[in-house]
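Before any comments, here is the structure.
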Amino acid sequence: MKVYANLDFAGINREWVDFVITEDDITKNKPDPEIFLKAAEGVGVDPSQCLVCEDSISGVKAAVDAGM
């Protein structure tokens, strides 16, 4: 899966990651906040307690709309 290759490339040990969500897990793309809301739910954290680092305007909009 590409996400794991990206983690490896970034030097992020897979053991540090508790939850992974990809486009295969959602039905709506950004700027819909679905992916961020599912990610928060997956790690058991309220969206208001999440910090998002995004590289696109649609991603920033999705994060804001998710309440992050």
Members of the range 19-31 that are of a type in the set (D, E, K, R), within 12 Å of the chain's Cα centre (by Cα) and in a loop (DSSP other than H, G, I, E, B): 30
Answer from 9, 36 - the residue that is open to solvent by less than 70 Å² (accessible area, probe 1.4 Å) and among the aromatic types (Phe, Trp, Tyr): 36
Residue list for the range 39-51, filter: touching a residue at least 12 places away in the same chain (Cβ under 8 Å), part of a loop (DSSP other than H, G, I, E, B) and surrounded by 10 or more Cβ atoms within 10 Å (Cβ to Cβ): 50
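Return the residue satisfying two criteria in turn: it lies in the range 52-61 and is over 10 Å from the mean Cα position of the chain (by Cα) and either of a type in the set (Asp, Glu) or part of a loop (DSSP other than H, G, I, E, B) (or both), and of such residues it is surrounded by the fewest Cβ atoms within 10 Å (Cβ to Cβ).
55
The values are calculated or read from the model by the stated rules, or taken from the named source; none is laboratory data. Everything numeric here is computed off the predicted structure, so don't read it as measured data. Glycine gets a Cβ as well: all are built from the backbone with ideal geometry, and neighbour counts include every protein chain shown. Only protein heavy atoms, including side chains, enter the accessible area calculation; ligands, DNA and RNA are left aside. Shrake-Rupley method; radii C 1.70, N 1.55, O 1.52, S 1.80 Å.
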